[in-house]
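The values are calculated or read from the model by the stated rules, or taken from the named source; none is laboratory data. This is a predicted model, so every value here is computed, not measured. Here the Cβ positions follow ideal geometry from the backbone for every residue, glycine too, while neighbour counts run over all protein chains shown.
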Amino acid sequence: MPEFQCDTHQRETPTLPSWQRLLTPTDYQRVFKGHPWKSTDACLTLLAVKNTQGYARLGLVIMKKRVRRAVQRNRIKRLARESFRQYKTELGGLDLVVLARDNTAQYDNAALFTSLRKHWQRLARLHRKADASSSTDSSTT
């Protein structure tokens, strides 16, 4: 009789490597204190600052004060990480922090994904615009 094998414990879930995450309090403080770019809507607030690494890094601040249930906090973080994976190449050298708002938990996955997509696109556009203006400034001097 064939043996049944369950691979639920060995499934490969895509993880965000540590080099693509904000890890230390200093990383977060740098974004909070020096955030030149901010994108806000009814669902989420995103802060961004240019980094020196040349690739995008993500930080998540989904506070219990804003989203009471752990299941909802984990869902929001999971969606933010997945959305970031899809858009990280467009975000170049930015350190980004996703902040939950008071009513974030009431939105379904599709609404959160749409909100995140708009935030990523807006921040990428602001970053490109700032890079273009800084490169023209340096070429004129």
Report task. Considering every residue within segment 42-60, establish whether at least one is hydrophobic (A, V, I, L, M, F, W, C), loosely packed, with under 13 Cβ neighbours inside 10 Å and assigned to a helix (DSSP H, G or I). Result -> no
Query - Of all residues in segment 22-41 being in contact with a Leu (Cβ under 6 Å, 6 or more places away or on another chain) and assigned to a strand (DSSP E or B), the one that is surrounded by the fewest Cβ atoms within 10 Å (Cβ to Cβ) - result: LYS38
Requested in this report: Please tell me if ALA105 is part of a helix (DSSP H, G or I) and over 16 Å from the mean Cα position of the chain (by Cα).
Outcome: yes
**Report entry** Among the candidates VAL98, VAL71, residue that is at pLDDT 95 or above and over 28 Å from THR26 (Cβ atoms)
**Finding:** VAL71
Requested in this report: Mind listing whichever residues of segment 82-124 are surrounded by fewer than 18 Cβ atoms within 10 Å (Cβ to Cβ) and of a type in the set (D, E, K, R)?
Outcome: GLU82, ARG85, GLU90, ARG101, ASP102, ASP108, ARG117, LYS118, ARG122
Requested in this report: Kindly list the number of the only condition in (1) touching a helix residue (DSSP H, G or I) at 6+ places or on another chain (Cβ under 8 Å); (2) part of a helix (DSSP H, G or I) that fails for LYS64.
Outcome: (2)
